[in-house]
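K.L.:
Please read through the structure below; I'll follow up with questions.
The values are calculated or read from the model by the stated rules, or taken from the named source; none is laboratory data. Computed from a predicted structure; not experimentally measured. In this analysis, Cβ positions are derived from the backbone assuming ideal geometry, glycine residues included, and neighbour counts consider all displayed protein chains. When the accessible area is computed, the model is the full protein with side chains, heavy atoms only, and any ligands, DNA or RNA have been set aside. Shrake-Rupley method; radii C 1.70, N 1.55, O 1.52, S 1.80 Å.
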Amino acid sequence: MNTYRADRNAAHVLQILCLLLTGLFCLVTWTFLRPYAVLLFWLWAAAICLAILFSCILAPLGLQRVSCIITSGQITLKTGIFLHREQSVRYDSIQFVQVIRGPFDGKWGMNFILLHLCGGRLLLPFLRQKDCKALLKLLRNKGVFHAP
């Protein structure tokens, strides 16, 4: 039984993206809503509070709760901050596997494996690159094909 956890570096990437988007939002609202100072102040205050809440609490806590448990017969994904969710899939129900890599996939933990199942899909999020390769090798040994 192997347990793969989400890469902690992915939380840093999400925090940086959140802060950049908040800065962009503040710049755009400053450009268009400059005459309405009170509205501008409240929009900025709400955006900054939401960015701090997401960056400091929700992103690290959410990624800490993601785990993928591999046993001899199935894959189990556990996620959730307030409501815990557990999804299990047997190997024989997996039709094929698709790997999703982003621009920050190497060092930043932005590797995703999408399992196409009979009647649905299961996304294994924020895997380290070595965990992604190990999981793909295990699935290949179990007879699951990789999509191009």
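For (1) crowded, with 16+ Cβ neighbours inside 10 Å; (2) β-branched (Val, Ile, Thr); (3) within 30 Å of Leu127 (Cβ to Cβ), each residue gets a yes or a no:
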{"residue": "Ala10", "(1), (2), (3)": "yes, no, yes"}
{"residue": "Leu17", "(1), (2), (3)": "no, no, yes"}
{"residue": "Ala47", "(1), (2), (3)": "yes, no, no"}
{"residue": "Phe54", "(1), (2), (3)": "yes, no, yes"}
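K.L.:
Quick one: count up the residues across region 31-45 that are open to solvent by less than 40 Å² (accessible area, probe 1.4 Å) and either under 25 Å from the mean Cα position of the chain (by Cα) or of a type in the set (Gly, Ala, Ser) (or both).
P.N.:
Final tally of qualifying residues: 1.
K.L.:
Is it the case, given these coordinates, that Gly62 is open to solvent by less than 30 Å² (accessible area, probe 1.4 Å), out of contact with any Asp or Glu (no Cβ under 8 Å at 6 or more places or on another chain) and closer than 24 Å to Thr22 by Cβ?
P.N.:
yes
K.L.:
A follow-up question, please. Looking at region 68-124, which of the residues that are in contact with a Lys or Arg (Cβ under 6 Å, 6 or more places away or on another chain) and open to solvent by 50 Å² or more (accessible area, probe 1.4 Å) is modelled with the highest pLDDT?
P.N.:
Only one residue fits best here, namely Glu86.
K.L.:
Mind checking whether some residue in region 17-25 is modelled with pLDDT under 90 and under 30 Å from Leu135 (Cβ atoms)?
P.N.:
Scanning region 17-25, I find no residue that is modelled with pLDDT under 90 and under 30 Å from Leu135 (Cβ atoms), so the answer is no.
K.L.:
Tell me which strands (runs of 3 or more DSSP E) are completely within region 55-148 and hold 1 or more residues being touching a residue at least 40 places away in the same chain (Cβ under 8 Å), or say none if there are none.
P.N.:
Output list reads 67-70, 74-79, 94-101, 111-117, 120-127.
K.L.:
So, one more: Determine, yes or no, whether Asn9 is touching a residue at least 12 places away in the same chain (Cβ under 8 Å) and either charged (D, E, K, R) or touching a strand residue (DSSP E or B) at 6+ places or on another chain (Cβ under 7 Å) (or both).
P.N.:
No: the conditions fail for Asn9.
K.L.:
Among (1) assigned to a loop (DSSP other than H, G, I, E, B); (2) in contact with a Pro (Cβ under 8 Å, 6 or more places away or on another chain), there is one condition Ala11 misses while meeting the rest; what is its number?
P.N.:
(1)
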